[in-house]
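Here the structure comes first, spelled out in structure tokens, and everything after it is commentary.
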Amino acid sequence: MSENKVKILFVCLGNICRSPMAEMIMKKMVKDARREEEFEISSAATSDEVIGYDIYPPAKECLRKHDIPFQKRGARQVTDEDYSYYDHIFVMDWANLRDMKRRFGDEKGKIQMLMSLAGEEREIPAPWYTGDFESTYRDICTSLNKFLSESFYLIYNHFRCGESPIREFLVAVEVAFFREIQKYCPTFRFLRS
């Protein structure tokens, strides 16, 4: 049931490079962590320039290189319903942020830069222009690792505090979860506060 899931929308200019890469990477991460039932994940464009186009071939190649599955899809533009439907809307650059806030106002604080999750107030440059899909992949992984580790610990700490009967199980899940994350982003290190 989607009302019980955390609904996430990734947004970039055309929905053929950065946002579908983020969508596919996150889907793989939550699947590997056995957390698929917790999330609904999608992506969209601010522009209507390439609506209907599939993921850009060099983006597909980058995903393949990192064993991230993807399927044929058509780029879509953000709709008026998206703001009310999604819990989090992560954009890739300042122009996306400006366009989304101009359109929706964001009184609920749902729209934010994806790199802000990693504590960096900067863009993920468009690989369509830079040709650097590996940097895009690394930036996305860094941000998503942080988001997933924080959402995991909201649930995890609720049950792990004190001597819970499921404590050993949660410790095993924690270890498995962070091993999976490190497969995709070997430089990731989880630091508890």
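The values are calculated or read from the model by the stated rules, or taken from the named source; none is laboratory data. Please read all numbers here as calculations on a predicted model, not as lab measurements. Quick reminder, even Gly has a Cβ in these numbers, built from the backbone with ideal geometry, and neighbours come from all protein chains shown. Areas reflect the complete protein model, heavy atoms only, side chains present, ligands, DNA and RNA absent. Shrake-Rupley method; radii C 1.70, N 1.55, O 1.52, S 1.80 Å.
Quick rundown of the values:
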| quantity | calculated |
| --- | --- |
| Filtered residues of region 19-53 (kept if open to solvent by 10 Å² or more (accessible area, probe 1.4 Å) and either assigned to a strand (DSSP E or B) or in contact with a Cys (Cβ under 6 Å, 6 or more places away or on another chain) (or both)) | Phe39, Glu40, Ile41, Ser42 |
| Matching residues in region 24-62 - criterion: being in contact with a helix residue (DSSP H, G or I) (Cβ under 6 Å, 6 or more places away or on another chain) and among the aromatic types (Phe, Trp, Tyr) | Phe39 |
| Filtered residues of region 68-110 (kept if in a loop (DSSP other than H, G, I, E, B), free of Cβ contacts under 8 Å to residues at least 40 places away in the same chain and loosely packed, with under 14 Cβ neighbours inside 10 Å) | Gln71, Lys72, Gly74, Thr79, Gly105, Glu107, Lys108, Gly109 |
| Filter result for the condition that a residue is within 21 Å of Lys31 (Cβ to Cβ), over 17 Å from the mean Cα position of the chain (by Cα) and of a type in the set (D, E, K, R), over Arg102, Arg138, Arg64, Arg98 | Arg64 |
| Residue in region 167-179 that is modelled with pLDDT under 90 and assigned to a loop (DSSP other than H, G, I, E, B) present | no |
| Test result for Ser116, touching a strand residue (DSSP E or B) at 6+ places or on another chain (Cβ under 9 Å), at pLDDT below 90 and surrounded by 12 or more Cβ atoms within 10 Å (Cβ to Cβ) | no |
